[in-house]
1. Give the aspartates and glutamates reachable from Lys16 as a straight Cα distance under 15 Å; neighbours fewer than 8 places away on the same chain don't count.
2. Give a residue-ordered list of calculated ³J(HN,Hα) values for the range 93-103 (Karplus: 6.51 cos²θ - 1.76 cosθ + 1.60, θ = phi - 60°; whole Hz; x for Gly, Pro).
3. For the range 76-116, what does the alpha-carbon gyration tensor say about shape, rounded, prolate or oblate, given a ≥ b ≥ c as the root eigenvalues, a/c under 1.5 as rounded, and a/b over b/c as prolate?
4. For log10 I(q)/I(0) by the Debye sum over Cα atoms at q = 0.10, 0.11, 0.18, 0.19 Å⁻¹, pick the label among (i) -0.58, -0.66, -1.15, -1.22; (ii) -0.66, -0.72, -1.09, -1.13; (iii) -0.38, -0.47, -1.43, -1.62 that corresponds to the value derived from the coordinates.
5. At 1.4 Å probe size, with the rest of the protein present, what percent of the exposed accessible area of the range 1-65 is carbon and sulfur atoms?
6. Rank by packing, highest mean first: peptides 1-8, 63-70, with packing defined as the count of other Cβ atoms within 10 Å averaged across residues.
7. Before I look further, what does the range 51-129 give for accessible area per residue, probe 1.4 Å, in whole square angstrom?
8. Could you derive backbone 3J(HN,Hα) for the range 133-141 from the dihedral phi with the Karplus parameters 6.51, -1.76 and 1.60 (θ = phi - 60°), listing whole Hz in sequence and x where the residue is Gly or Pro?
Amino acid sequence: NVGAISVWGLNFRDAKTLIQKRLAQYYRKFQVDITFGRLRTIKVYVVGDVTRPGGYSLSSLSTVTNALYAAGGPQKTGSMRHIKLIRNDKIIGVVDLYDYLLQGSNRNDLALQSGDTVFIPPIGPVIGVAGYVKRPAIYELKGTVTLDDGLRMAGGVSPMAYLQRVQIERIEEHKRK
């Protein structure tokens with residue numbers, strides 16, 4: 001009576017809740033017991049500016065982040081803010097790794113399906129943050145960024161920082177500094 005119930009991409013608890021709700025439409029006083037069998041694998045392709053481009057066999061529960069780990073992550077020349085998930089020649093979504101890497105949040109990660117392509121384009125505009133900051137590095141920009149945004153990406157200033165003198169250098173049109 002219930003028919004097929006798709007639980008793809010759900011965690012165990014959410015899958016059990018969904019199955020119970022669907023069964024409750026037809027049955028009373030029942031109990032649900034769920035176990036997982038062996039997970040199948042899917043074939044995913046990771047291409048572009050990635051350390052080890054190619055096809056990867058991953059768990060069917062994998063996400064874009066899992067595929068990037070398998071492929072060694074973006075190269076220095078690859079974007080970390082505009083990673084595209086392509087399915088059937090359509091862009092399904094874009095993953096920005098900065099939420100994950102700088103704040104530990106994977107809320108914008110996307111679930112993969114067999115045959116998907118994860119494409120890492122070349123890196124976009126960047127800023128370099130150096131000096132008395134907690135994470136001196138080169139950061140890829142996304143939209144307009146203020147000095148405060150740049151310092152926040154770098155983890156903030158260290159206690160040794162002297163904020164009365166901040167030096168900003170900009171290269172314009174590859175011609176002048």
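1. Asp33
2. So the Karplus estimates, Gly and Pro as x, are x, 10, 9, 10, 6, 5, 4, 6, 6, 9, 10 Hz.
3. Cα axes put the range 76-116 in the oblate bin.
4. Label (i) holds the value from this structure.
5. About 51 percent, which is the carbon plus sulfur part of the accessible surface.
6. Ranking the peptides 1-8, 63-70 by packing returns 63-70, 1-8.
7. 52 Å²
8. Those phi angles translate into 10, 6, 10, x, 5, 9, 10, 7, 8 Hz.
The values are calculated or read from the model by the stated rules, or taken from the named source; none is laboratory data. Not measured: the values here are computed from a predicted model. Methodologically, a virtual Cβ is constructed for each residue, glycine included, from the backbone with ideal geometry; neighbour enumeration extends over all protein chains shown. Heads up: the accessible areas ignore ligands, DNA and RNA and are worked out on the full protein's heavy atoms, side chains in. Shrake-Rupley method; radii C 1.70, N 1.55, O 1.52, S 1.80 Å.
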